[in-house]
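Data first, discussion second: the structure below is written as structure tokens.
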Amino acid sequence: MGRLLAIPARPPLRSSFQANEEGATMKKALICLLLGLTAGAEGRMRARQAGVVVGRLAPGPNNAITDVSGVRVGHCTLHSGEGKLVPGQGPVRTGVTAILAGADPWAFRYPASAFVLNGNGEVGSLAYLQDIGSLESPILLTNTLNVGKVSDAVVAWMISKHPEIGISDDVPIPVVGECDDSYLNDIQGRHVGEKEVFEALESAVSGPVAEGAVGAGTGMICYEYKGGIGTSSRVCGAYRVGVLVNANHGSRHELRVNGRALPGGPVGFHRRTEGSIILVVATDAPLTPGQLNRLARRATMGLARTGSSAHHGSGDLVIAFSTANARARTDENAVMQAQWLADQALDPLYEGTVEATEEAILNALCAAEPSTGRDGHRVEAMPLQR
């Protein structure tokens with residue numbers, strides 16, 4: 001197994017806000033975290049609680065991407081207003097989700113890769129991930145029209161921690177993935193700004209992860225039921241793999257739960273777009289970027305098991321990273337030494353990735369509560385009794 005570099009404790013964080021606003025900012029961060037932890041609790045549950053067990057491998061203790069050591073997740077959820085859409089004002093059904101590979105995502109470079117199953121969507125820094133094979137920023141998920149503001153806010157957050165960025169230090173290319181939540185949300189309003197991004201990043205923790213209509217998943221629709229954030233993990237021998245998704249894809253007739261069609265009534269609405277899904281795969285196994293690309297491709301097999309055919313209008317994109325063999329940014333050695341898993345040892349990780357992806361999508365569906373958004377648009381939750 002490759003030697004893991006010691007990651008220092010997270011240093012105290014100061015945002016770009018003025019000192020007299022910091023108390024209010026931290027209070028709002030706590031509120032966002034609590035909203036995320038409590039959302040979906042009333043009458044909703046995870047797939048396993050509903051009796052759906054996916055695959056044969058055991059999940060980690062939290063059955064979440066955070067079962068991979070060092071990985072943290074935070075949300076900020078924006079839910080306000082009712083009735084007729086007033087562009088720029090609401091109703092608001094959106095948010096932002098942050099995934100961090102370690103205590104300081106700029107101080108260490110993590111092996112990474114990406115895969116595009118269908119490209120009707122976007123992830124910032126995709127070319128860098130695919131070509132250079134290095135994750136050097138947090139991963140943020142949000143809605144389509146908010147990508148620019150979220151990317152700008154991530155840069156501000158990273159500069160607040162590392163003031164020499166762009167002066168005596170290199171410059172980051174933020175990783176920001178998007179899905180379209182315009183059926184429920186005032187997407188023109190671009191309501192996720194610097195404050196919300198800071199709050200998602202500052203509230204990121206290990207342990208259980210809030211799912212369903214939280215963070216970036218607040219306005220998402222999956223198989224024409226309410227969708228959003230879902231996560232799951234698998235123990236693959238000596239290693240773990242975890243998956244987090246923002247599920248906003250698929251048609252009702254496609255949905256499969258453990259291979260079976262789910263009986264359901266008429267959809268009752270028609271949205272203009274076909275939706276998308278962003279999948280994030282994390283592992284503590286020592287893998288090369290090339291091996292991580294192969295792992296990312298397997299995630300799409302888990303997506304297919306839930307029924308997806310990757311519609312023409314869908315953006316189906318995968319990011320994969322490893323927390324092993326992290327390289328310190330200050331390491332200037334011309335020759336690096338590390339150990340990697342042999343290719344023939346990857347099969348348990350492939351199996352775990354497929355299973356965790358399938359269950360993460362089902363968890364998003366099971367946890368999400370019904371939602372009514374702009375112009376009275378309503379999306380029902382998947383009926384758990386069925």
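Values for this structure:
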| read-out | value |
| --- | --- |
| Residues of the stretch 60-105 classified as closer than 30 Å to ARG48 by Cβ, part of a loop (DSSP other than H, G, I, E, B) and of a type outside the set (A, V, I, L, M), total | 7 |
| Whichever residue in the stretch 237-251 is in contact with a helix residue (DSSP H, G or I) (Cβ under 6 Å, 6 or more places away or on another chain) and open to solvent by 10 Å² or more (accessible area, probe 1.4 Å) and, among such residues, is farthest from ILE65 (Cα to Cα) | GLY237 |
| Search result, residues across the stretch 342-354 that are open to solvent by less than 50 Å² (accessible area, probe 1.4 Å) and out of contact with any helix residue (DSSP H, G or I) (no Cβ under 7 Å at 6 or more places or on another chain) | ALA342, ALA345, GLY352 |
| All positions within the stretch 279-329 that are more than 25 Å from ARG260 (Cα to Cα), β-branched (Val, Ile, Thr) and either in a loop (DSSP other than H, G, I, E, B) or open to solvent by 10 Å² or more (accessible area, probe 1.4 Å) (or both) | THR288, THR323 |
| Count of the stretch 165-209 residues which are of a type outside the set (Asp, Glu), over 22 Å from GLY250 (Cα atoms) and in a loop (DSSP other than H, G, I, E, B) | 17 |
| Pairs, first free of Cβ contacts under 8 Å to residues at least 12 places away in the same chain in the stretch 49-77, second crowded, with 24+ Cβ neighbours inside 10 Å and part of a helix (DSSP H, G or I), C-beta under 7 Å, six or more apart | PRO61/ASP67 |
| Any chance ALA261 is closer than 24 Å to GLY51 by Cβ, open to solvent by 10 Å² or more (accessible area, probe 1.4 Å), touching an Asp or Glu at 6+ places or on another chain (Cβ under 7 Å) and of a type in the set (Gly, Ala, Ser) | no |
| Among the candidates SER206, SER276, residue that is of a type in the set (Ser, Thr, Tyr), open to solvent by 20 Å² or more (accessible area, probe 1.4 Å), within 29 Å of LEU57 (Cβ to Cβ) and touching a residue at least 24 places away in the same chain (Cβ under 8 Å) | SER206 |
| Boolean, GLU332 is within 29 Å of LEU141 (Cβ to Cβ) and charged (D, E, K, R) | no |
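The values are calculated or read from the model by the stated rules, or taken from the named source; none is laboratory data. A quick note: this is a predicted structure, and the numbers were derived from the prediction, not measured. All Cβ positions, glycine included, derive from the backbone under ideal geometry; neighbour counts span all protein chains shown. Each accessible area value is taken on the protein alone, full model and side chains, heavy atoms only, with ligands, DNA and RNA left out. Shrake-Rupley method; radii C 1.70, N 1.55, O 1.52, S 1.80 Å.
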